[in-house]
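Structure first, then comments.
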Amino acid sequence: MVVYQVYPRSFADADGDGVGDLGGVAAHLDHLAWLGVDALWLSPINPSPMADGGYDVADYRGVDPAFGTVEDVERLAAAAAEHGIKLLLDVVPCHTSIEHPWFRERPELYVWSPVDGPPNNWRGTFGGPAWSEDPHGRGWYLHSFYPEQPDLDWRNPEVAREMGDVLAFWRSKGVAGFRLDALQQLLKDPELRDDPAATAPSIMNGHPEHEALEHRFSSDQPGVEAALRALRAGAGEDAFLVGEVGLPSGRHPRYLEHLDASFCFELFFAAWDAEALAAGIRAGLETGKASWVLSNHDFPRLAERIGRHHVAAAALLLLTLPGPVFLFQGDELALGNGPGRPAGAPEAPPYDRAGRDAFRHPRPWTAEAPHHGFTTGTPWLEVVTAPEGSAAEQRATPGSPARRVRDLIALRRTLDGPLEDLTVRDGVLSFRRGDHVIAVNTTDAPRPFPAAGAVVASTGDRSDGHLAAGVANVTSSV
Ligand code: NOJ
């Protein structure tokens with residue numbers, strides 16, 4: 001299964017207001033069908049003050065007017081299904097927006113300090129204390145992320161019931177599954193004990209203040225299975241559920257009982273080095289339910305993290321792994337970061353205080369200046385272009401990043417069998433899937449790699465039993 005992540009604000013704008021919307025997604029379904037993806041995941045589209053790019057939800061059953069309406073979601077699900085593409089939504093069960101009516105009207109659904117002030121040393125993921133004083137004068141509330149995102153109390157069965165109903169609601173609109181946000185934060189220590197100082201970095205490369213602590217009590221508590229069971233019950237057995245569990249894969253099993261998959265962050269954050277990549281793959285394989293991803297809306301674009309010259313090999317590696325694979329919008333064009341929040345713009349919504357706008361720029365559809373087919377208006381952030389051109393240009397150019405991703409998705413359909421013989425030799429990572437051998441030269445020099453059959457995909461030259469610098473290929477013995 002290949003899932004394509006759409007960041008709705010930056011995908012395509014149909015109504016000319018400079019902000020991407022559901023009409024824009026519908027208008028470009030042909031691109032997703034051309035790539036051959038199986039599913040499309042929309043980052044949050046619910047009404048939101050956008051303090052955290054929509055991950056601060058003010059109404060779980062609504063659609064933000066900037067993006068469209070509930071009817072637009074229904075239409076999009078139906079249109080996507082005509083292309084054989086499933087629609088997945090992002091659900092944020094850990095916290096709401098501080099503007100959600102529940103926060104004013106049903107405070108018992110949230111986590112409160114038992115004292116008049118922070119009861120412990122917990123820090124927010126983006127820095128600062130994880131406790132803030134309630135603007136309505138009811139004491140201090142917990143927020144694992146921004147202060148605008150109060151944490152729901154998953155020890156209150158009403159929360160599980162409400163959230164299960166939310167999933168059932170979207171299923172009734174034609175949605176096939178969900179990406180579930182920040183599951184490691186659902187349950188906290190009931191005694192609210194202090195987190196100890198960290199002795200090793202966490203897996204998520206967070207804010208230094210957050211990383212200074214080991215999140216022993218502020219996250220990942222036993223009993224979370226009940227929460228996941230409620231989400232599964234609401235979604236239905238046939239829904240696809242993938243969890244964002246920001247923990248080492250070894251701690252995923254308690255989350256996976258009721259999920260189809262969880263993201264493997266070891267591979268996501270692995271340096272472009274054969275040993276590190278192999279370790280990442282091994283960590284994911286151990287859960288038996290890994291889904292693989294190399295970039296998303298939270299971290300610098302792949303080209304910036306591993307080097308542009310490795311992007312083609314990364315696509316080949318990602319798309320030959322067994323199990324669900326996630327591509328972030330623009331990955332297929334080999335897009336890089338943009339400049340982020342415009343100079344002089346206030347550090348306020350819709351811009352991100354944690355500095356992630358640079359990874360979320362609108363994408364180019366056509367060569368046409370000034371906004372490359374993204375909008376007829378003024379884009380909320382300027383459109384970032386790729387060295388190899390817009391989607392239209394890349395689709396028409398053999399050997400372009402987009403054509404390569406498309407070819408790899410097609411090749412993926414012919415790969416079967418588990419991943420076997422994972423090997424690292426002299427900077428070359430290799431493994432076997434049935435009759436196919438995948439080999440990735442992660443180094444900047446040619447490396448010997450004995451031919452194992454006919455080359456069926458390659459990101460560059462291969463000759464005389466060598467893989468050229470940075471080249472990855474797939475060979476077939478049949
Ligand atoms: C993970 C999401 O990917 C990120 O964008 C968001 O800020 C946090 N969860 C909080 O919801």
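Here, each number is a calculation from the coordinates, and none is a lab measurement. Only a predicted model underlies this, so the values are computations on that prediction, with no experimental measurement involved. Here Cβ is always computed from backbone atoms with ideal geometry, including for glycine, and neighbour counts include all displayed protein chains.
Descriptive notes on the structure:
- Cα-based helix-to-principal-axis angle, 157-171 vs the chain, degrees rounded to 10: 40
- For segment 382-478: rounded, prolate or oblate by the Cα gyration tensor [a/c cutoff 1.5]: prolate
- Kirkwood hydrodynamic radius of segment 330-456, Cα pairs, Å: 17.9
- Trypsin sites (Lys or Arg not before Pro) lying in DSSP loop within segment 113-186, provided at most 15 other Cβ fall within 10 Å: R138
- Look at the Cα gyration tensor of segment 209-278: its axes a ≥ b ≥ c give a/c of at least 1.5 with a/b at or below b/c, and that counts as oblate.
- With respect to the chain, whose longest principal axis is taken over its alpha-carbon atoms, helix 70-82 is tilted by about 20°.
- Over the Cα atoms of segment 1-60, the radius of gyration divided by the Kirkwood radius equals 1.01; this is the Rg/Rh ratio.
- Sequence-distant lysines (8 or more away, or on other chains) whose Cα lies within less than 30 Å of K173: K86, K289
- Two-decimal Rg to Rh for segment 125-229 - Kirkwood Rh, Cα set: 1.00
- Folded to 0 to 90 degrees: helix 401-412 orientation relative to the chain principal axis, Cα: 90
- Global geometry of segment 219-352, whether rounded, prolate or oblate, following the gyration tensor of its Cα atoms and the 1.5 cut on a/c: oblate
- Mean residue ellipticity (222 nm) of the chain, computed from DSSP H runs ≥ 4 via -39,500 (n - 2.57), nearest 500: -6500 deg cm²/dmol
- Exposure proxy ranking for D444, D220, based on other Cβ atoms within 10 angstrom of each Cβ and starting from the fewest, stands as D444, D220.
- Rounded to 5, percent antiparallel among DSSP beta bridges of the chain: 55
- Its residue count N sets the reference 2.2 N^0.38 Å, and the alpha-carbon radius of gyration of the chain equals 0.97 times that reference.
- Dipole moment magnitude, nearest 20 debye, the chain about Cα centre, only Lys, Arg, Asp, Glu C-beta charged: 1100
- A viscosity of 1.002 mPa s and a temperature of 20 °C, combined with the Kirkwood radius over Cα pairs in Stokes-Einstein, give a translational diffusion coefficient for segment 1-147 of 126 µm²/s.
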